[in-house]
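The values are calculated or read from the model by the stated rules, or taken from the named source; none is laboratory data. Please read these numbers as outputs of a predicted model, since none were measured by experiment. Cβ sites come from the backbone with ideal geometry, for glycine too, and all protein chains shown count toward neighbours.
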Amino acid sequence: MESAINANAVTVTFSEVTEAIEDANVVVKDGEGNVVETKPMLLAEGTTQADFEFVTPFPVDHKFTGVWTVNNEKYNFDAINQLADIVDAAVTTPNQIKLQTALDAAGITYADELRIADYLGALQAEGATASLEAVQKAITKVDEDAAKEETNEAAVKAVVDAKTQAQLLKALTDSFDVVNPEWIVAYDAAIDFAAESDPTLESVESIQAAINGVNLDEVTPKVTAANMSLDSEKVAEARTFVTKWIPADEEDAAVPAKELVLDGLNLEDALIAVNNAKTNSALKSALTNLDTLENSLLEKYKDVVGFDKIDEFDIKTVEDANLTAYRDAIKDAEVGAKNQRKDIQKIVSDENIAAVGSAQTKVLEDLNAVTTKTAAADIVALLEKSQKLHEQTNKVNSAYAEAYKTALISAEDLDATEINTLIGTVNDAQDAANGLVDTKEELVSALAEANKTTGAKFKTITLEKSIEVDNATIKLTSGVTIEGNNHTLYVGGSDAGATTAEGIEVTAGSKDVVIKDLKVVGTHGDNLIEIYGSATLDNITTIGGKKVGIYVNNDGANTITVNFKDITTASNGWDAGVGIVSQQIGSKVIANFTGVNSFGEPVAVYTDDFIEYKGQYEINGLEKFEKKVIGNQYKWLTGNPAKTPAE
């Protein structure tokens, strides 16, 4: 609680009232302990300050004295009055005589009444008279500065009056920092030189600067000898000299000279640890420490002008497999070739290159030495190692290990490029033999093989990437599967006519044809997928057909069944995803829809003109779509309002 007292009331500040208090009051006592009555008042919720009026107000010019209390908390009118007198004497008047009287009355201590003018000047500074404590602090500062000046004058006088080096050493040792008796001759010369240059510079600061300069001259050769020496004793000696004889850095120093030198010696210790490592684990630890220390110092001194900011060593370049080679190279190197961070980095990089070259040579030798007895797993491992070492582009397929083996046995003295070519050649041949395709030409060739009625090497064709087939028709016969592998088949060309399929065609009479995990995007003038036989379409997307995405056409006197699962269509020109026609009496189409089917057009599925085409239909799984007869067609509508379905 805080309070203030005037002639009419006492103002009290307190913690926020959480619940209203009726007839709240305080107990006020004057300097003699007598109760001064105040009027009770209501404190509303949320109140933090209140003025409690005196029952009997004091005269306006009443001078309050003594130590009053408000609810037992002291309010010192004497101190307030004393501070007011000091402010009046120091700031308002100002008057040295009144100030000394006011200081004495307030109990402010001072060392010399002859400094009263200095005291008065100090109290005129901002904040110096904020309180009696602030006044005492300002007065004490004047006395301390005066005492320091006297001490400094005496210290300088002792140095100036010294007639012998012994007297000079005593004068320096008594009053100055980092004085080494062994360097007294140099101190004597440095101080005389400074005085001869400018006698007015004879001060504590100039003498200390002369001492610091001599110390720096003595310490620098020790540091120079230690740096890049890889000598622990020299580093220890330099560190001792720096620690003992170089003054501590100023807190606000732009360049922390002493700390910078010591950190440089720490780096030298880190390099010594690298040089002295006797085991691989010790070397790895030393290299890690070197990198960590370097990075921390680069961050620490990033704004210091003149510090080497280049990150010269990177632990990420260290290969554990090459640690022995690093140790041997470091051991054999001259001191001048391993005493800097960049030297260690060069050794690491050179040995990495040498190790790669050796490994490259060895893996080629092993591949050229493959025989019928070499295990398939070893063939794959060697080829994968060769790929990594030589950055070869053709990927190794472990399923083709025996084919690689056969090719390697047949070849002689292969270099890295020839090994890469061998991998690619085997991959192409094996892919072709297994129906894996990644070009139009491979797809056409694979179709010719898969569509054979007898003796086909494979029935499943797998796309390894998206393929553009231009105007080539992808014909599928019984038992053939196209595994799209979630790639895209781009079909194009011109409109060949209503009776000629373009894009993908399931031929008439075909059974058990499967098309799965494929997106078909078209630019030609026809349907994207045309189905004349029985087939299953699984996870198929058709986009951009000039007619419909998928068209089922039974033009024979038989029944074909087409299973649709997870079908997606969009942007097809006839505003319909799937079209179905059963052309003649005796023909029938069964269409089964399962999974999640999404149609971007207004019509999901339609059947063609049932007056012109007299076949039968069985459409299952479209219950969520609205079925309507529009014209002479059955149409299952998506509810997409973008376009009106054609009548």
**Request:** Please enumerate the residues belonging to the stretch 158-170 that are farther than 11 Å from Ile184 by Cβ and surrounded by 14 or more Cβ atoms within 10 Å (Cβ to Cβ).
**Result:** Ala158, Val159, Val160
**Prompt:** Hey, does the stretch 148-157 have a residue that's at pLDDT 85 or above, surrounded by fewer than 17 Cβ atoms within 10 Å (Cβ to Cβ) and either within 15 Å of Ser206 (Cα to Cα) or not acidic (Asp, Glu) (or both)?
**Reply:** yes
**Segments classed as helices (runs of 4 or more DSSP H), wholly inside the stretch 199-317, with at least 3 members that are modelled with pLDDT of 90 or more, buried (at least 18 other Cβ atoms within 10 Å of the Cβ) and within 27 Å of the chain's Cα centre (by Cα)** = 280-300
**Message:** Residues to consider are Thr324, Thr374, Thr425, Thr393; find the one that is surrounded by fewer than 18 Cβ atoms within 10 Å (Cβ to Cβ), in the same structural domain as Ala277 (by TED's automatic domain parsing) and either in contact (Cβ under 8 Å) with a residue 12 or more places away in the chain or of a type in the set (Gly, Ala, Ser) (or both).
**Reply:** Thr324
**The one condition in (1) surrounded by fewer than 17 Cβ atoms within 10 Å (Cβ to Cβ); (2) at pLDDT 95 or above; (3) not polar (S, T, N, Q) that Val480 fails to fulfil** = (1)
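Taking the conditions exactly as written (touching a residue at least 40 places away in the same chain (Cβ under 8 Å) and either assigned by TED's automatic domain parsing to the domain that holds Ile467 or touching a helix residue (DSSP H, G or I) at 6+ places or on another chain (Cβ under 8 Å) (or both)), does Ile379 satisfy them or not?
The answer is no for Ile379.
Please determine, by comparing only the residues of the stretch 9-32 that are in a strand (DSSP E or B) and polar (S, T, N, Q), which one is farthest from the chain's Cα centre (by Cα).
This residue is Thr11.
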**Request:** Run Asp566 past the list (1) touching a Lys or Arg at 6+ places or on another chain (Cβ under 7 Å); (2) more than 21 Å from Ala501 (Cβ to Cβ); (3) of a type outside the set (A, V, I, L, M) and report the number of the one that doesn't hold.
**Result:** (1)
**Asked** Just wondering, is there one or more residues in the stretch 387-398 that are in a helix (DSSP H, G or I) and basic (Lys, Arg)?
**Response** yes
**Complete:** Flagged in the stretch 148-185 as polar (S, T, N, Q) and in a helix (DSSP H, G or I), in numbering order, are Thr151, Asn152, Gln165, Gln167, Thr173, Ser175
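Which count do you get for residues in the stretch 216-273 that are of a type in the set (Gly, Ala, Ser), more than 28 Å from Glu334 (Cα to Cα) and out of contact with any Asp or Glu (no Cβ under 7 Å at 6 or more places or on another chain)?
Adding up the residues that qualify gives 3.
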**Message:** If Asp188 satisfies all but one of (1) in the same structural domain as Leu265 (by TED's automatic domain parsing); (2) touching a residue at least 24 places away in the same chain (Cβ under 8 Å); (3) over 30 Å from Ala277 (Cβ atoms); (4) assigned to a helix (DSSP H, G or I), what's the number of the condition it fails?
**Reply:** (2)
**Request:** Give the residues of the stretch 38-58 that are under 14 Å from Asn6 (Cα atoms) and over 56 Å from the mean Cα position of the chain (by Cα), sorted by residue number.
**Result:** Thr38, Asp51, Phe52, Glu53, Phe54, Val55, Thr56, Pro57, Phe58
**Prompt:** Of the residues that make up the stretch 465-473, is at least one under 54 Å from the mean Cα position of the chain (by Cα), part of a strand (DSSP E or B) and under 28 Å from Val589 (Cβ atoms)?
**Reply:** yes
**Message:** Being more than 34 Å from the chain's Cα centre (by Cα), aliphatic (A, V, I, L, M) and within 30 Å of Val235 (Cβ to Cβ) narrows it down to one residue among Ala403, Ala333; which is it?
**Reply:** Ala333
**Asked** Taking the stated definitions as given, is Ser398 under 42 Å from the mean Cα position of the chain (by Cα) and either at pLDDT 90 or above or assigned by TED's automatic domain parsing to the domain that holds Lys459 (or both)?
**Response** yes
**Prompt:** What is the number of the single condition among (1) part of a helix (DSSP H, G or I); (2) at pLDDT 85 or above; (3) not assigned by TED's automatic domain parsing to the domain that holds Lys244 that Asp145 does not meet?
**Reply:** (2)
**Residues within the stretch 432-472 that are touching an Asp or Glu at 6+ places or on another chain (Cβ under 8 Å), more than 18 Å from Leu518 (Cβ to Cβ) and either buried (at least 19 other Cβ atoms within 10 Å of the Cβ) or of a type in the set (Asp, Glu) (or both), tallied** = 0
**Prompt:** In the stretch 613-628, which residues are part of a loop (DSSP other than H, G, I, E, B), under 60 Å from the mean Cα position of the chain (by Cα) and of a type in the set (D, E, K, R)?
**Reply:** Glu623, Lys624
**Prompt:** Of all the residues that make up the stretch 91-110, how many are surrounded by fewer than 14 Cβ atoms within 10 Å (Cβ to Cβ) and more than 60 Å from the chain's Cα centre (by Cα)?
**Reply:** 6
**Complete:** Counting only residues that are of a type outside the set (Lys, Arg) and in contact with a Leu (Cβ under 9 Å, 6 or more places away or on another chain), the stretch 325-342 contains a total of 5
**Complete:** Residue set Ala186, Ala122, Ala190; condition surrounded by 15 or more Cβ atoms within 10 Å (Cβ to Cβ), among the small types (Gly, Ala, Ser) and modelled with pLDDT of 90 or more; output residue Ala186
